[in-house]
Amino acid sequence: MKNLAVFVSGTGTILEAILRDNIPVALVLADRKCRGLEIAKAAGIPTELVERTFGKGFNREEYTRRIFRILLDHEIDLIAMAGFMTILAPFLFKEWPGIILNTHPSLLPAFKGDNAVRDALNHGVKVTGCTIHRATAKLDEGSILAQASVPVLPEDTRNTLHERIKRKERALYPRVIKQMLKP
Ligand code: GRF
């Protein structure tokens, strides 16, 4: 059995969907105190809070080294980033032997970055969606494993559109993770 770690920073509703699907989670790691961490604790899953600082003093290499060691300690094989908001140092993607997945709230390669939902609205696209992809050292790149589309409605706000996208992510991501966990 492969050991799955889920990385979170926020509300953790995608983590909840993974757990609802009865996918075994060996570790939930967060970069800040957040609801996602609380959900993991309530479910009895091992957690690691690797708090980061923001601004100039943040040492990305050192921070990523701390995470690297935790991955080895927990014998993690597969990471699913689910709303994890820290960009990890490039060495992780080269040196850590496991697989790293990410879910992103747009149809990549459109609208990379932290503001994918806002950018889609600002561009006036009529269709957007979510992408499950292998994460690489380059933000929101890496081979695409699955996508799902949603309509953008005239009355949409960032919240209503993001929630429509997240409903798709909650259905799609667990399916992809299950595939990746197969021996
Ligand atoms: C998702 O839309 C994910 O793609 C983005 O952050 C959101 C996480 O949602 N990077 P939640 O914290 O699981 O509710």
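Mind checking which residues of region 40-58 are over 22 Å from I14 (Cα atoms) and out of contact with any helix residue (DSSP H, G or I) (no Cβ under 9 Å at 6 or more places or on another chain)?
F54, G55, K56, G57, F58
Pairs please, first residue from region 1-22 and in a helix (DSSP H, G or I) and of a type in the set (D, E, K, R), second anywhere and within 15 Å of the ligand (Cβ to nearest atom) and modelled with pLDDT of 95 or more, Cβ atoms under 7 Å, 6+ apart in sequence or on different chains.
Listed pairs, sorted by first residue: E16/I39.
L139 is checked against (1) modelled with pLDDT of 95 or more; (2) closer than 16 Å to M85 by Cα and fails just one. What number does that condition carry?
Of everything listed in (1) modelled with pLDDT of 95 or more; (2) closer than 16 Å to M85 by Cα, L139 misses just condition (1).
Quick one: in region 67-88, of everything that is surrounded by 14 or more Cβ atoms within 10 Å (Cβ to Cβ) and free of Cβ contacts under 8 Å to residues at least 40 places away in the same chain, which residue is nearest to the ligand (Cβ to nearest atom)?
L88
Name every residue in region 149-173 that is within 12 Å of the ligand (Cβ to nearest atom) and either crowded, with 16+ Cβ neighbours inside 10 Å or acidic (D, E) (or both), in order of residue number.
Step one: list which residues in region 149-173 are within 12 Å of the ligand (Cβ to nearest atom), which gives 150, 158-159, 161-170, 172-173.
Passing the criteria: V150, L161, H162, E163, R164, I165, K166, K168, E169, R170, L172, Y173.
Taking into account only those residues within region 120-167 that are among the small types (G, A, S) and in a strand (DSSP E or B), which is nearest to P90 (Cα to Cα)? Explain how you work it out, then say what you get.
So the first thing to find is which residues in region 120-167 are among the small types (G, A, S), and the list is 120, 124, 129, 135, 137, 142-143, 146, 148-149.
Then drop every residue that is not in a strand (DSSP E or B), which leaves 129, 146, 148-149.
On the way: G129: 27, A146: 24, A148: 28, S149: 30 Å.
The extreme case among them is A146.
Answer with yes or no whether D119 is within 11 Å of the ligand (Cβ to nearest atom) and either buried (at least 21 other Cβ atoms within 10 Å of the Cβ) or of a type outside the set (G, A, S) (or both).
When the stated conditions are applied, D119 does not pass them.
May I ask you to list pairs of residues, at least six apart or on different chains, whose Cβ atoms are under 7 Å apart, with the first in region 122-144 being loosely packed, with under 14 Cβ neighbours inside 10 Å and the second being of a type in the set (G, A, S) and assigned to a loop (DSSP other than H, G, I, E, B)?
Here the result reads L139/G113, each pair linking region 122-144 to a residue that is of a type in the set (G, A, S) and assigned to a loop (DSSP other than H, G, I, E, B).
Give the residue that is surrounded by the fewest Cβ atoms within 10 Å (Cβ to Cβ), with candidates limited to residues of region 13-39 that are touching a helix residue (DSSP H, G or I) at 6+ places or on another chain (Cβ under 7 Å) and farther than 17 Å from R175 by Cα. So that I can check it myself, show each step before the final result.
Step one: list which residues in region 13-39 are touching a helix residue (DSSP H, G or I) at 6+ places or on another chain (Cβ under 7 Å), which gives 13-18, 21, 23, 25, 28-30, 36, 39.
Adding the requirement that they be farther than 17 Å from R175 by Cα leaves 28-30, 36, 39.
Details: V28: 27, L29: 25, A30: 28, G36: 27, I39: 20.
This residue is I39.
Which of the residues spanning region 1-12 are crowded, with 18+ Cβ neighbours inside 10 Å and over 16 Å from E51 (Cα atoms)? Don't jump to the end; show me each part of the working.
Our first condition is that a residue be crowded, with 18+ Cβ neighbours inside 10 Å; within region 1-12, this holds for 4-9, 12.
Across region 1-12, the qualifying residues are L4, A5, G12.
L108: in contact with a strand residue (DSSP E or B) (Cβ under 8 Å, 6 or more places away or on another chain), surrounded by 19 or more Cβ atoms within 10 Å (Cβ to Cβ), assigned to a loop (DSSP other than H, G, I, E, B) and modelled with pLDDT of 95 or more, yes or no?
On the way: in contact with a strand residue (DSSP E or B) (Cβ under 8 Å, 6 or more places away or on another chain): yes; surrounded by 19 or more Cβ atoms within 10 Å (Cβ to Cβ): yes; assigned to a loop (DSSP other than H, G, I, E, B): yes; modelled with pLDDT of 95 or more: yes.
For L108, the condition - in contact with a strand residue (DSSP E or B) (Cβ under 8 Å, 6 or more places away or on another chain), surrounded by 19 or more Cβ atoms within 10 Å (Cβ to Cβ), assigned to a loop (DSSP other than H, G, I, E, B) and modelled with pLDDT of 95 or more - is met.
The values are calculated or read from the model by the stated rules, or taken from the named source; none is laboratory data. Please read these numbers as outputs of a predicted model, since none were measured by experiment. Counting neighbours? That spans all protein chains shown, and the Cβs are built from the backbone with ideal geometry, glycine included.
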